[in-house]
1. Out of the residues in the range 69-103 that are surrounded by fewer than 16 Cβ atoms within 10 Å (Cβ to Cβ), among the hydrophobic types (A, V, I, L, M, F, W, C) and more than 13 Å from the chain's Cα centre (by Cα), state the one that is farthest from V32 (Cα to Cα).
2. Here is a list of conditions, (1) touching a residue at least 12 places away in the same chain (Cβ under 8 Å); (2) surrounded by 17 or more Cβ atoms within 10 Å (Cβ to Cβ); (3) farther than 19 Å from A129 by Cβ, and A57 meets all of them except one; can you say which number that is?
3. Give me the pairs: first residue in the range 17-37 and without any contact (Cβ under 8 Å) to a residue 24 or more places away in the chain, second residue of a type in the set (G, A, S), beta-carbon distance under 8 Å, and six or more apart or on different chains, which are they?
4. Could you tell me whether I69 is touching a Gly at 6+ places or on another chain (Cβ under 8 Å) and of a type in the set (V, I, T)?
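Please treat every number below as a calculation from the coordinates, not as lab data. What you see is a predicted model, and the numbers here were worked out from it, not measured in a lab. Cβ coordinates were reconstructed from backbone atoms using ideal geometry, including for glycine residues, and neighbour counts include every protein chain displayed.
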Amino acid sequence: MRDQLSTLDVLRAVPVLVERLTHPSGVGTATVGKLTGSTSPTTIGFWPDVVADLRSAVTHTVAQAIDAIATGDLAGEHLHDARLVGHWAWLLVTHITGTDPATGHYLIWRLIDEHLELVAALAASDAVARAWQPAPDSETLEL
């Protein structure tokens with residue numbers, strides 16, 4: 001069920017993704033470290049709107065996932081839609097701390113002529129985040 005909710009979330013974001021590809025600045029390049037604050041020296045292509053996404057989305061796990069995507073160690077799930085040109089993929093990165101509510105961000109990228117472009121780091125919906133929320137440990141519940 002969680003995977004189906006995530007797929008629906010990503011498909012609902014397709015109009016936003018299509019719009020981002022019309023940004024007048026086009027694709028920029030930077031190291032993953034510059035984008036995420038990590039120490040990664042790997043260079044990645046990115047669309048300008050990703051910078052704003054990352055300001056609210058960066059966690060250690062998001063930075064690690066972006067580095068793994070950039071180095072080719074993470075393939076993600078394919079995203080097929082006639083409105084999207086190129087080979088698109090996405091990955092949900094969740095962040096869970098203790099019993100705090102889970103958070104999640106979709107990293108969405110595409111390959112154009114073998115060049116990787118990070119297009120978005122969008123927040124997962126509340127329904128998806130809640131689906132990833134761990135159940136409380138039954139041994140610690142007080143009755």
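1. A82
2. Of (1) touching a residue at least 12 places away in the same chain (Cβ under 8 Å); (2) surrounded by 17 or more Cβ atoms within 10 Å (Cβ to Cβ); (3) farther than 19 Å from A129 by Cβ, only one is false for A57: (3).
3. G28/G45; T29/G45; T31/S40; G33/S40
4. When the stated conditions are applied, I69 passes them.
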